[in-house]
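Q: One structure follows; several queries about it will come next.
The values are calculated or read from the model by the stated rules, or taken from the named source; none is laboratory data. No experiment lies behind these values; they were computed from the predicted model shown. Methodologically, a virtual Cβ is constructed for each residue, glycine included, from the backbone with ideal geometry; neighbour enumeration extends over all protein chains shown. Heads up: the accessible areas ignore ligands, DNA and RNA and are worked out on the full protein's heavy atoms, side chains in. Shrake-Rupley method; radii C 1.70, N 1.55, O 1.52, S 1.80 Å.
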Amino acid sequence: MSEIRDPGLYRSGETKITWVKSNMPLLRGIEKEFEAEKPFKGLKIALSVHLEAKTAYLCRVLAAGGAEMYVTGSNPLSTQDDVAAALLFGGLNVYAWHGATEKEYHRHTCAVIEAGPDLIIDDGGDLVSLIHNEYPQLVNKVIGGCEETTTGIIRLRSMEKAGALKFPMMLVNDADCKHLFDNRYGTGQSVWDGINRTTNLIVAGKNVVVAGYGWCGKGVAMRAKGMGASVIVTEIDPIKAMEAVMDGFKVMPMVEAAKVGDIFVTVTGCCDVIGEQSFLNMKDGAILCNAGHFDVEVNVARLKEISVQSGEARNNITYYKLKNGKKINVIAEGRLVNLAAGDGHPAEIMDMSFAIQALSARYLVQHRDEIRSSGKKTINVPAEIDREVANRKLGYWGIKIDVLTKKQSEYLDSWEV
């Protein structure tokens with residue numbers, strides 16, 4: 001039995017889904033193909049992704065392919081209750097609501113696993129971790145799954161290295177049509193959408209500190225620069241730090257950046273990126289937020305311990321007053337700012353990411369025997385899927401590109417001059 005906040009909200013959710021569908025031509029095309037092919041007929045899919053309108057449309061596309069869908073969110077604050085209601089109204093099994101407690105979130109996640117899924121669509125590795133640790137009797141039923149995020153892939157590779165991963169997982173985030181666009185342009189825009197919507201403050205003229213210069217960090221820094229901020233990057237990787245310098249940004253340790261930063265965005269996938277010493281170094285009124293998957297990058301727990309007072313500074317912003325009299329503001333409890341304080345990535349960006357998800361899920365089903373016999377547990381998205389998505393997207397944009405002639409192909413394939 002599904003578990004959502006209010007089924008009566010479905011009309012609002014349906015409006016949101018209709019809007020994103022109109023701006024997601026790739027998924028619309030795939031939906032038509034799936035309706036005809038029914039690649040998931042007779043299969044159950046457990047999905048844990050940020051439950052908002054774009055994810056809801058992905059769920060419907062998979063359902064159009066014959067899947068029996070079991071859906072939950074991947075963050076307690078990113079679930080939109082009206083969207084969950086719309087999915088339930090449309091006949092899907094949904095277990096999620098906004099603001100779930102830790103116990104409720106776990107119960108909802110367990111519910112989709114207890115359905116006994118054949119495929120898993122994950123965002124952050126929660127479903128994979130749960131089924132291995134708490135439902136090992138269901139592992140052998142799983143054909144495989146797809147992972148959406150960098151953080152999830154880190155967890156999967158750790159499991160694989162330890163010999164703990166028991167079924168194959170497609171590394172969707174590593175696909176070019178995912179991380180080059182979703183992580184850079186999607187995160188870059190949606191993070192600032194969330195910050196600006198929540199704070200209603202100007203970015204121009206401020207010092208913005210971006211922790212982590214991966215694809216997400218590049219996007220956040222690029223957008224901050226475009227809005228007139230002076231950008232500082234913190235890094236642990238010397239090559240990425242050098243890249244940030246050559247891209248025109250200042251680079252320094254976090255404890256030093258803390259002294260001059262006005263707005264801080266963590267995008268690392270690691271814990272304790274901003275800790276006690278950095279808090280103590282910060283200016284009065286500093287604004288902190290996280291764009292990594294888990295709420296561990298800004299050590300909010302330690303900030304609470306060293307503060308003498310806290311309260312609501314503005315809706316979805318909590319202030320913490322330190323012994324030195326300075327106040328530090330944290331957006332959305334340190335959870336994913338672009339989803340806990342916004343609507344996530346633009347529909348056109350998620351169109352590519354979710355097209356990769358849908359086609360990868362179909363690939364897992366169609367090549368299950370081949371994949372199983374290979375013994376591989378983490379699998380890269382096939383290049384043909386990446387190229388197919390790119391070509392389809394260009395086609396929807398009305399853009400044509402050159403094609404190699406036979407002579408050119410032979411030239412590139414030859415080692416002889």
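Q: In whole percent, and with a 1.4 Å probe on the protein chains, what portion of the accessible area of the stretch 352-403 is carbon and sulfur?
A: 50
Q: Provide the packing ranking of 24-35, 102-113, 140-151, i.e. peptides ordered by the mean count of other C-beta atoms within 10 Å per residue, highest first.
A: Packing order, densest peptide first, comes out as 140-151, 24-35, 102-113.
Q: Once you place label points 7 Å from the Cα toward the Cβ at ALA162 and MET242, how far apart are they in nm?
A: Those two pseudo-labels are separated by 3.4 nm.
Q: Project the alpha carbons of the stretch 185-288 onto their principal axes and report the range along each, largest first, in whole Å.
A: Here the spans come out as 34, 32, 23 Å, largest first.
Q: Express the Stokes-Einstein translational diffusion coefficient of the stretch 86-220 in µm² s⁻¹, to the nearest whole number, given a Kirkwood radius over alpha-carbon pairs, 20 °C and a viscosity of 1.002 mPa s.
A: Stokes-Einstein gives a translational diffusion coefficient of 124 µm²/s.
Q: Follow-up. Under the definition of Cα pairs under 8 Å and six or more residues apart, what whole-number percent is the relative contact order of the chain?
A: 16
Q: For GLY144, list long-range residues whose amide hydrogen, built 1.01 Å from N in the peptide plane, is under 5 Å from its own amide hydrogen.
A: ILE120
Q: Still on this structure, please answer the following. Please work out how much accessible surface PHE181 shows to a 1.4 Å probe, ignoring ligands, DNA and RNA, in Å² rounded to 10.
A: Roughly 70 Å² of PHE181 is accessible to a 1.4 Å probe.
Q: Given the convex hull of the Cα atoms of the stretch 138-199, what is a quarter of its surface area in nm²?
A: Computing the convex hull of the Cα atoms and averaging its projections yields 5.8 nm².
Q: Rounded if a/c is under 1.5, else prolate if a/b beats b/c, else oblate: with a ≥ b ≥ c from the C-alpha gyration tensor eigenvalues square-rooted, which is the stretch 11-158?
A: Taking the square roots of the gyration eigenvalues as a ≥ b ≥ c, the stretch 11-158 is oblate.
Q: Another one. Could you please put THR72, THR15 in sequence from largest to smallest accessible area, using a 1.4 Å probe?
A: Solvent-accessible surface, decreasing: THR15, THR72.
Q: Also: Longer than 27 Å from Cα to Cα, which of LYS218/LYS406; LYS21/LYS166; LYS44/LYS218; LYS44/LYS103; LYS141/LYS376; LYS225/LYS283 are they? Say none if no pair is.
A: With Cα atoms farther than 27 Å apart: LYS218/LYS406; LYS21/LYS166; LYS44/LYS218.
Q: Cross-link partners among aspartates and glutamates for LYS327, C-alpha distance below 13 Å, same-chain residues fewer than 8 apart left out?
A: ASP262, ASP284, GLU312
Q: At ASP6 and ASN140, where each label point lies 7 Å from the Cα along Cα→Cβ, what is the point-to-point distance in nanometres?
A: Output for this residue pair reads 4.7 nm.
Q: If you don't mind, there's one more thing I want to ask. With +1 on each Lys and Arg Cβ and -1 on each Asp and Glu Cβ, and nothing else charged, work out how big the dipole of the stretch 1-97 is about its Cα centre, in Debye to the nearest 20.
A: Taking the Cα centre of the stretch 1-97 as origin, the dipole is about 180 debye.
Q: Want the number for THR101 to ASN315: 0.36 nm per residue separation, take away the alpha-carbon distance, what's left?
A: Taking 0.36 nm per residue and subtracting the Cα distance, the gain is 75.1 nm.
Q: Sticking with this structure for a sec: In sequence order, what are the phi-derived ³J(HN,Hα) couplings for the stretch 47-54 according to the Karplus relation 6.51 cos²θ - 1.76 cosθ + 1.60 with θ = phi - 60°, rounded to whole Hz, with x for glycine and proline?
A: Per residue, the Karplus-derived 3J(HN,Hα) values read 10, 10, 9, 3, 8, 10, 4, 5 Hz.
Q: 5 Å is the cut-off here: which amide hydrogens, built 1.01 Å from N in the peptide plane, fall below it relative to LYS377, excluding neighbours closer than 5 in sequence?
A: none
Q: Return the whole-Å distance between the Cα centroid of the stretch 266-315 and the Cα centroid of the stretch 86-164.
A: 28
Q: In whole Å, what are the Cα extents of the stretch 226-287 along the three principal axes, biggest one first?
A: Cα spread of the stretch 226-287 along its principal axes, largest to smallest: 30, 28, 18 Å.
Q: Before rounding to the nearest 500, sum -39500 (n - 2.57) across all DSSP H runs of length at least 4 in the chain and divide by the residue total; then give [θ] at 222 nm in deg cm²/dmol.
A: So the calculated ellipticity at 222 nm is -13000 deg cm²/dmol.
Q: Shifting gears a bit: Starting from 0.36 nm per residue, how many nanometres of slack lie between CYS270 and TYR411 once their C-alpha separation is accounted for?
A: Result for the pair: 46.2 nm of gain on full extension.
Q: Sticking with this structure for a sec: Over the stretch 165-238, what relative contact order in percent results from Cα pairs under 8 Å that are six or more residues apart?
A: Worked out over the stretch 165-238, it gives 33 percent.
Q: Would you tell me the accessible area of ASP123, worked out with a 1.4 angstrom probe on the heavy atoms of the protein chains, in Å² to the nearest 10?
A: 10
Q: Ordered by residue, what ³J(HN,Hα) values in Hz, to whole numbers, does the stretch 292-303 give under the Karplus form 6.51 cos²θ - 1.76 cosθ + 1.60, where θ = phi - 60° and Gly and Pro are x?
A: x, 5, 9, 8, 10, 6, 8, 6, 5, 4, 6, 4
Q: Leaving out ligands, DNA and RNA, what percent of the accessible area of the stretch 25-116 is carbon and sulfur, probe 1.4 Å?
A: 52
Q: Let me ask you something else. From the protein chains alone at 1.4 Å, what is the descending order of accessible area for ASP176, ASP262, ASP402, largest first?
A: Highest to lowest solvent-accessible surface, that is ASP402, ASP176, ASP262.
Q: Let me ask something additional. Select from PHE294, VAL308, GLY73 the residue farthest towards the positive end of the dipole of the chain; place +1 on Cβ of Lys and Arg, -1 on Cβ of Asp and Glu, and compute about the Cα centre.
A: Toward the positive end, the furthest listed residue is VAL308.
Q: Residue farthest toward the positive end of the dipole of the chain, with Cβ of Lys/Arg at +1 and Asp/Glu at -1: which of GLY248, LEU364, LEU138?
A: Of GLY248, LEU364, LEU138, it is GLY248.
Q: Follow-up question, since we're still on this one. Taking the solvent-accessible surface of protein heavy atoms with a 1.4 Å probe, what is the per residue accessible area of the chain in Å²?
A: Dividing the accessible area of the chain by its residue count gives 45 Å².
Q: Please get the size of the charge dipole for the chain, origin at its Cα centre, with Cβ charges of +1 on Lys and Arg and -1 on Asp and Glu, quoted in debye to the nearest 20.
A: 560
Q: Considering the options GLY214, ALA257, ILE379, tell which one lies farthest towards the positive end of the dipole of the chain, charges being +1 on Lys and Arg and -1 on Asp and Glu at the Cβ, about the Cα centre.
A: Of the listed residues, the answer is ALA257.
Q: Another one. Please work out whether the stretch 331-417 counts as rounded, prolate or oblate from its C-alpha gyration tensor, where a ≥ b ≥ c are the square roots of the eigenvalues and a/c under 1.5 means rounded, while otherwise a/b larger than b/c means prolate and anything else oblate?
A: Oblate shape, in that a/c is at least 1.5 and b/c is the bigger or equal ratio.
Q: Karplus couplings for the stretch 139-153 from phi (6.51 cos²θ - 1.76 cosθ + 1.60, θ = phi - 60°), rounded to Hz, Gly and Pro as x?
A: 4, 5, 6, 7, 5, x, x, 10, 10, 8, 10, 4, 4, x, 5
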